[in-house]
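S.K.: Submitted below is the structure of interest, expressed as structure tokens.
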Amino acid sequence: MSRWRRRGPSRLHSASGWRSGRATPGIFVGVTCIGSFMGQFDASVVQLALPHLAEIFQVRETVTSWVALAYLLSFSASLPIFGWLCEQYGRKPLYLLGMAAFLVASVLCSLATSLPQLIGFRVLQGLGGALLGANSISILVRASGKERRGRAMGIFSAAQAVGVSLGPIVGGLLIGSFGWRSIFWVTAPIGVIGVLLGWLILPHDEGKGSGRFDWRGALLLPPALLCIVLALSQAADWGIASAAFIGMSVAGIVLLALFILYERRTDSPLVDLKLFQSEAFSLGILAVLLSYAMLYGMFYLISFALVRGFHDAPEVAGLRLAAIPIAIGIAAPIAGSFVNRLGATTLSLAGMAICGVALLALSLVALEPSPSRLFGILALAAFGAGLGMFVAPNNSATMGAAPQALSGEAGAMLNLARMLGVSLGVASAASMLAWRMSVIQDARTDDVIFYGHPILGAVEASFVLLFAFALIATLCTLKRRRLSSEDSAPLRSGDKA
């Protein structure tokens, strides 16, 4: 671990993490959670505003979707590069730069006079978010230490869940009362607080400062990620059999393969592939991707069921859907605090089991016309609680399986997997639902009877996709447990860390 020197009021112990002083573990976690909250709040509130933006700018909703997609693409493409820069030049200044860039971009978004301007400012906001994502988890893990890592990751996940929960609620009130520009102003004071606290409290690490920038890798990886994320995000609109989807997917895979071949031979890689020599880390990253695919796939399917099936108003649907992130926000820190006592594997498996039961309840009972809506909300809350039990311990074990010297790159890869999971979840759920809708006859809105039973049947059938994600994530967890029993190092830094 890089030696952290005192800067401002914080004082860190160079080995284990803490020394008595004004800076405490909770303060460091709180500062990193500010950036986490801002990113998730912004993502959810912008999704809510897309139909309104289509009306304001007089364009189709498929066009305004680029307001959300621009952020996702710039975040994903730039994250590995920022992860390398942070390893070389220190985390505090670049984290603060990311917070400031996000803040300035938010203000610029609120001042945009045209849709192209808004999309361009969202690209800048994505760059700021990538700087935060490249640093946040590494700062949190280094500051908390092994004993507190599980609990810290749980609180971090809870901050993300709170951001997702408040987005639709606060966003609906702001848009209705003050217009769409207000949704970008609301994060401004939070960003100012984050910059000030980060400057005063976060420790300073000097970074390596000796690496040579991998220009060839930087020319290969960002375009590869752009192609992959764009293909996933547009799969429902293009169709998985379309030339655009196939061409973009093939281009992304080819560029990624070329990147991996080159990185294996270079002495100064953009992404150190030694990270993935740890099978436990690779399995954990895959599980991160699948868990977020489950979350956002569920968001998509249930939104469709509530609005098109049960004919809820968007505001009412948003409130009901908030049961999922609220449950994550409650369960994640609790699960994180029990990682040392029960082990990451036990908690992760229990979490996925609860998700499976919740999916069964939604498939067999909760989305039928006769039961009360309360039962459906409870099933959604159970699904969220199960994900919260899975995400925090899995993230903690994944970071524990990474070499300590590569914790920064490991944190960036974890955030990249999260963003890829969001794209995969929405794209696969949309494609699956479109296919099921084409199979079910007379499933048009104007033909719906009994609360839209045919549409709800298509949603229920699409849950098989989420079951598949849950099964693969469970297998990853079981495989990691077997690796832990065979190798003492993953056991110390993973499940029992």
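The values are calculated or read from the model by the stated rules, or taken from the named source; none is laboratory data. Since this is a predicted model, take the numbers as computed values, not measurements. Cβ coordinates were reconstructed from backbone atoms using ideal geometry, including for glycine residues, and neighbour counts include every protein chain displayed. The area values use the complete protein model at the heavy-atom level, side chains included, leaving out ligands, DNA and RNA. Shrake-Rupley method; radii C 1.70, N 1.55, O 1.52, S 1.80 Å.
S.K.: Starting from the range 423-447, keep only residues that are surrounded by fewer than 13 Cβ atoms within 10 Å (Cβ to Cβ) and modelled with pLDDT under 80, then list their pairs with residues that are part of a helix (DSSP H, G or I) and among the β-branched types (Val, Ile, Thr) whose Cβ atoms are within a distance under 8 Å, requiring at least 6 positions of separation or different chains.
M.R.: Listed pairs, sorted by first residue: 445/455.
S.K.: Could I ask something else about it? Go through the residues of the range 126-139 one by one and say whether even a single one is open to solvent by 10 Å² or more (accessible area, probe 1.4 Å), of a type outside the set (A, V, I, L, M) and at pLDDT 85 or above.
M.R.: No; the residues of the range 126-139 include none that is open to solvent by 10 Å² or more (accessible area, probe 1.4 Å), of a type outside the set (A, V, I, L, M) and at pLDDT 85 or above.
S.K.: I need the full set of residues from the range 171-186 which are surrounded by 15 or more Cβ atoms within 10 Å (Cβ to Cβ) and of a type in the set (Phe, Trp, Tyr), in order please.
M.R.: Within the range 171-186, 180, 184, 185 meet the criteria.
S.K.: Could we say that residue 114 is touching a Lys or Arg at 6+ places or on another chain (Cβ under 8 Å) and either of a type in the set (Gly, Ala, Ser) or open to solvent by 10 Å² or more (accessible area, probe 1.4 Å) (or both) here?
M.R.: Details: touching a Lys or Arg at 6+ places or on another chain (Cβ under 8 Å): no; either of a type in the set (Gly, Ala, Ser) or open to solvent by 10 Å² or more (accessible area, probe 1.4 Å) (or both): yes.
So residue 114 does not fit the description; no.
S.K.: Being open to solvent by 40 Å² or more (accessible area, probe 1.4 Å) and assigned to a loop (DSSP other than H, G, I, E, B) is the filter here, so list the residues in the range 224-240 that pass it.
M.R.: 240
S.K.: Same structure again: Would you check which residues across the range 449-497 are under 17 Å from residue 340 (Cα atoms), modelled with pLDDT under 85 and open to solvent by less than 50 Å² (accessible area, probe 1.4 Å) and list them? Steps first, please.
M.R.: Going through the range 449-497, the residues under 17 Å from residue 340 (Cα atoms) turn out to be 477, 480-481, 484-485, 488-497.
Now narrow it down to the ones that are modelled with pLDDT under 85: 480-481, 484-485, 488-497.
Of everything in the range 449-497, those that are under 17 Å from residue 340 (Cα atoms), modelled with pLDDT under 85 and open to solvent by less than 50 Å² (accessible area, probe 1.4 Å) turn out to be 480, 484, 489, 490, 493, 494, 495, 497.
Residue by residue, here is whether (1) in contact with a Leu (Cβ under 9 Å, 6 or more places away or on another chain); (2) over 29 Å from residue 179 (Cα atoms) holds:
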position	(1), (2)
98	yes, no
105	yes, no
111	no, no
118	yes, no
122	yes, no
130	yes, no
138	no, yes
143	yes, yes
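S.K.: Inside the range 71-83, can you point out the residues that are open to solvent by less than 10 Å² (accessible area, probe 1.4 Å) and of a type outside the set (S, T, N, Q)?
M.R.: So in the range 71-83, the residues open to solvent by less than 10 Å² (accessible area, probe 1.4 Å) come out as 75-76, 79-80, 83.
Selection gives 75, 79, 80, 83.
S.K.: Quick one: which residue in 385, 379 is more than 22 Å from residue 280 (Cβ to Cβ), out of contact with any His (no Cβ under 9 Å at 6 or more places or on another chain), surrounded by 20 or more Cβ atoms within 10 Å (Cβ to Cβ) and free of Cβ contacts under 8 Å to residues at least 40 places away in the same chain? Please lay out each step first, then the result.
M.R.: Values: 385 fails: free of Cβ contacts under 8 Å to residues at least 40 places away in the same chain.
That would be 379, the only listed residue that is more than 22 Å from residue 280 (Cβ to Cβ), out of contact with any His (no Cβ under 9 Å at 6 or more places or on another chain), surrounded by 20 or more Cβ atoms within 10 Å (Cβ to Cβ) and free of Cβ contacts under 8 Å to residues at least 40 places away in the same chain.
S.K.: Could you figure out which of (1) under 21 Å from the mean Cα position of the chain (by Cα); (2) assigned to a helix (DSSP H, G or I) isn't true of residue 263?
M.R.: (1)
S.K.: Using beta carbons and a limit of 7 Å, which pairs, at least six apart or on different chains, have the first residue in the range 466-483 and closer than 11 Å to residue 287 by Cα and the second one open to solvent by 60 Å² or more (accessible area, probe 1.4 Å) and in a helix (DSSP H, G or I)?
M.R.: Sorted first by the residue in the range 466-483, then by its partner, the pairs are 476/286.
S.K.: Output the residue which, of all residues in the range 264-303 that are open to solvent by 40 Å² or more (accessible area, probe 1.4 Å) and among the hydrophobic types (A, V, I, L, M, F, W, C), is nearest to residue 430 (Cα to Cα).
M.R.: 286
S.K.: Is one or more of the residues making up the range 403-411 buried (at least 20 other Cβ atoms within 10 Å of the Cβ) and either modelled with pLDDT of 85 or more or in contact with a Gly (Cβ under 7 Å, 6 or more places away or on another chain) (or both)?
M.R.: yes
S.K.: Consider residue 306 carefully, then state whether it is within 14 Å of residue 460 (Cβ to Cβ), of a type outside the set (Val, Ile, Thr) and buried (at least 19 other Cβ atoms within 10 Å of the Cβ).
M.R.: Working: within 14 Å of residue 460 (Cβ to Cβ): yes; of a type outside the set (Val, Ile, Thr): yes; buried (at least 19 other Cβ atoms within 10 Å of the Cβ): yes.
Considered against the rule, which asks whether it is within 14 Å of residue 460 (Cβ to Cβ), of a type outside the set (Val, Ile, Thr) and buried (at least 19 other Cβ atoms within 10 Å of the Cβ), residue 306 comes out as yes.
S.K.: Would you mind finding the one in 418, 373, 341 that is within 19 Å of residue 473 (Cβ to Cβ) and open to solvent by 20 Å² or more (accessible area, probe 1.4 Å)? Let's see the steps before the verdict.
M.R.: Working: 373 fails: within 19 Å of residue 473 (Cβ to Cβ); 341 fails: within 19 Å of residue 473 (Cβ to Cβ).
The match here is 418.
S.K.: Quick check on residue 64: is it β-branched (Val, Ile, Thr) and at pLDDT 75 or above? So that I can check it myself, show each step before the final result.
M.R.: Details: β-branched (Val, Ile, Thr): yes; at pLDDT 75 or above: yes.
Yes.
S.K.: Determine, yes or no, whether residue 323 is in contact with a Phe, Trp or Tyr (Cβ under 9 Å, 6 or more places away or on another chain) and open to solvent by less than 40 Å² (accessible area, probe 1.4 Å). Explain how you work it out, then say what you get.
M.R.: On the way: in contact with a Phe, Trp or Tyr (Cβ under 9 Å, 6 or more places away or on another chain): yes; open to solvent by less than 40 Å² (accessible area, probe 1.4 Å): yes.
In short, yes.
S.K.: Which condition number does residue 151 fail, the rest of (1) open to solvent by less than 70 Å² (accessible area, probe 1.4 Å); (2) touching a Ser or Thr at 6+ places or on another chain (Cβ under 7 Å) being met?
M.R.: Single failed check for residue 151: (1).
S.K.: Take residue 100 and decide whether it is surrounded by 23 or more Cβ atoms within 10 Å (Cβ to Cβ), in contact with a helix residue (DSSP H, G or I) (Cβ under 6 Å, 6 or more places away or on another chain) and part of a helix (DSSP H, G or I). Steps first, answer last, please.
M.R.: Values: surrounded by 23 or more Cβ atoms within 10 Å (Cβ to Cβ): no; in contact with a helix residue (DSSP H, G or I) (Cβ under 6 Å, 6 or more places away or on another chain): yes; part of a helix (DSSP H, G or I): yes.
No, not satisfied.
S.K.: Which of the helices (runs of 4 or more DSSP H) contained wholly in the range 288-392 include at least 3 residues that are at pLDDT below 85? If you could, list the steps in order and put the result at the bottom.
M.R.: Working: elements: 314-321, 323-337, 339-342, 344-361.
Per the criteria, 314-321, 339-342.
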